[in-house]
Amino acid sequence: MEHFELCIVGAGVVGLALAERFARTRPRSYSILLLERNHSFGQETSSRNSEVIHAGLYYTPGSLKARLCVEGRHLLYQYCQQHDIPYRRTGKYLVARQDELQGLERVFDTAAKNGVDDLQWVSRRTLREQEPLVEASHALFSPSTGIVDSHGFMDSLLTSAQRAGVQYAPLTKTIAIQARNGYFDVQTECGAPGHIEPFTFRCRHLINAAGLHAQELAMRVEGLDKVFVPPLYLSRGCYFSLTGKPPFRHLIYPVPEQNQRGLGIHATLDLAGQIRFGPDVEYIDSIDYRVPEDRRALFVEAIRRYFPSLRADQLHPDYAGIRPKLCGPDGGVADFMVQDEGVHGVPGLVQLFGIESPGLTASLALARLVADDGALQA
Ligand SMILES: Cc1cc2nc3c(=O)[nH]c(=O)nc-3n(C[C@H](O)[C@H](O)[C@H](O)COP(=O)(O)OP(=O)(O)OC[C@H]3O[C@@H](n4cnc5c(N)ncnc54)[C@H](O)[C@@H]3O)c2cc1C
């Protein structure tokens, strides 16, 4: 049976960042296998998001989300510069009506506690000069928010990881894991439908970075007490694209929803300057990426609060992503969950749950946390 030091299940942005970090910080003899069930990396949540490099304005101070977002943002800008990944520090305006001022003040306080020191109050006049079509009484400007070509970023992580010796296996679905004493036997199914073959191997360490499927995979780990597998709630976020000349030059965000279920339907720019609005929040029972046409009215109402001249026929259903939430619609806010032996008692196993936003921004910091500070020391 083939043997690896480390197996990472899932080649989304987090699994890729982990593969790159482990490969770079371990000797060449430390063999790493990266498994992906789809034909290519990053086909799920990692390619169904806003591609925003978040500054770290919203997350509960002291939480992993807050710490890893701020650290990850610095690492991500640095990585993009060093590896020629397309990105832009667009900056973002957070805008509020008179009755929402308290919401903006809360964001300002939280951001300060999270170590974001460049968030600024801007006058109505400045906002009007910068974004004449935005209607708001109060605004904050975040200069360190930006956008990134997430596919280019993931592609670069994979190339770097492979150069450093990582073996990458797409079309390889992990179906069962037996935790033995100090190692794992892993069963997979490889190949495209119609040509599937079993492949079994052994590894000393295993990281579950399976995103929306992390809980399903954890349930297949024989030897893991299932009380450690948290519940999963699927929260779909749809996007509508805007036709016509882009009306904004910056990202425009409303005041976040009080319950922190989402950041509010905002305007994001892609690197070509096109505008997309989203994501909304809708809890669903199974993975379904359709964008229901009937969400349009809700979008129009939410967007017109800060962009009154929007016409409903300018919006077109675009795509959707699904947040792997650990709390249901009424259940509050959960942090990223990183479980190692200290939590579940299985040596060599790390499981990542609830890696929703700002997981793209935080990915390099998350990889650093697991590879440098975690339980998988060489
Ligand atoms: C609507 C939306 C908007 C967002 N916007 C932003 C944003 O602007 N900025 C930001 O920082 N973050 C954002 N995020 C969060 C970010 O996209 C995620 O945190 C991040 O992509 C998670 O990456 P991942 O690698 O954990 O998961 P995924 O991308 O889901 O990757 C998991 C991988 O595991 C594979 N896999 C699963 N099961 C198996 C198995 N059994 N065997 C082999 N492979 C398997 C899957 O095929 C998949 O490729 C957003 C998320 C959503 C939903």
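The value of relative contact order for segment 1-117, using C-alpha pairs under 8 Å at least six residues apart, is 24 percent. Sum up the charges of everything whose Cβ sits under 13 Å from the Cβ of residue 62, counting Lys and Arg as +1 and Asp and Glu as -1, but leave residue 62 out. Neighbourhood net charge equals +2. Within segment 298-350, the proportion of C-alpha pairs whose separation exceeds 13 Å stands at 75%.
Whole-percent P(r), segment 114-237, all Cα pairs, 5 Å bins from 0: 2, 7, 11, 12, 12, 13, 10, 7, 7, 7, 6, 5, 2, 0. Most simply put, the chain has about 70% antiparallel DSSP beta bridges, counting only bridges with both residues inside it. Magnitude of the charge dipole for segment 270-333, about its Cα centre and with charges confined to Cβ atoms of Lys, Arg (+1) and Asp, Glu (-1), is about 240 debye. Charges were assigned to the Cβ only: +1 to each Lys and Arg, -1 to each Asp and Glu. The resulting dipole of segment 171-280 about its Cα centre is roughly 260 debye.
Fewest first, what order do 154, 337, 1, 219 take by the number of other Cβ atoms within 10 Å?
So the ranking, lowest neighbour count to highest, is 1, 219, 337, 154.
Comparing mean-square fluctuations of 227, 300, 166 from a GNM of the chain with C-alpha springs under 10 Å, the top value falls on 227. For the chain, the Cβ-based charge dipole about the Cα centre amounts to some 660 debye (Lys, Arg positive; Asp, Glu negative; other atoms uncharged). Expressed per residue, the C-alpha convex hull volume of segment 1-135 stands at 167 Å³.
Helix content alone sets the calculated 222 nm mean residue ellipticity of the chain: runs of n ≥ 4 DSSP H residues at -39500 (n - 2.57) each, divided across all residues, give -7500 deg cm²/dmol.
Run the Debye formula on the Cα coordinates of segment 96-138, all scatterers equal and no solvent, and tell me log10 I(q)/I(0) at q = 0.27 1/Å. Here log10 of I(q) over I(0) equals -0.96.
Evaluate the Debye formula for segment 223-286 with equal point scatterers sitting on the alpha carbons, no solvent, and hand back log10 of I(q)/I(0) at q = 0.18, 0.24, 0.27 Å⁻¹, in q order, two decimals. The computed values of log10 I(q)/I(0) come out as -0.75, -1.02, -1.13. Counted by neighbouring Cβ atoms within 10 Å, the residues 36, 356 run from fewest to most as 356, 36. You can think of it this way: the chain between residue 129 and residue 99 has 8.5 nm of extra reach, that is 0.36 nm per residue less the Cα-Cα gap. In this simple spin-label approximation, residue 298 and residue 222 carry label points 7 Å from Cα along the Cα→Cβ vector, and these lie 4.3 nm apart. Annotation: the residues 74, 344, 195, sorted from fewest to most other C-beta atoms within 10 Å of their own C-beta, follow the order 195, 74, 344.
Expressed in units of 2.2 N^0.38 Å, where N is the residue count, the Cα radius of gyration of segment 289-378 is 1.61.
For the chain, the relative contact order comes to 24 percent (Cα pairs under 8 Å, sequence separation of at least 6). What the Cβ-Cβ distance of residue 343 and residue 313 gives, at R0 = 51 Å and to the nearest 0.05, is a FRET efficiency of 0.50. Size of segment 1-78 from its Cα atoms: along the principal axes, largest to smallest, the extents are 48, 28, 22 Å.
Computed on segment 132-285, with alpha-carbon pairs under 8 angstrom and 6+ residues apart, the relative contact order is 17 percent. For the chain, the number of Lys pairs separated by eight or more positions or lying on different chains, with C-alpha atoms closer than 26 Å, is 11. Rounded to the nearest whole angstrom, the semi-axes of the ellipsoid equivalent to the chain, taken from the Cα gyration tensor as √(5λ), stand at 38, 21, 19, largest first.
Take the Cβ atoms of residue 243 and residue 163, set R0 to 56 Å, and the FRET efficiency comes out at 0.85.
Laboratory data are not the source of any read-out in this text; all were calculated from the coordinates shown. Since the model is a prediction, treat every value here as computed from it, not as a measurement. Neighbour counts are summed over all protein chains in view; Cβ atoms, including those assigned to glycine, are modelled from backbone coordinates with ideal geometry.
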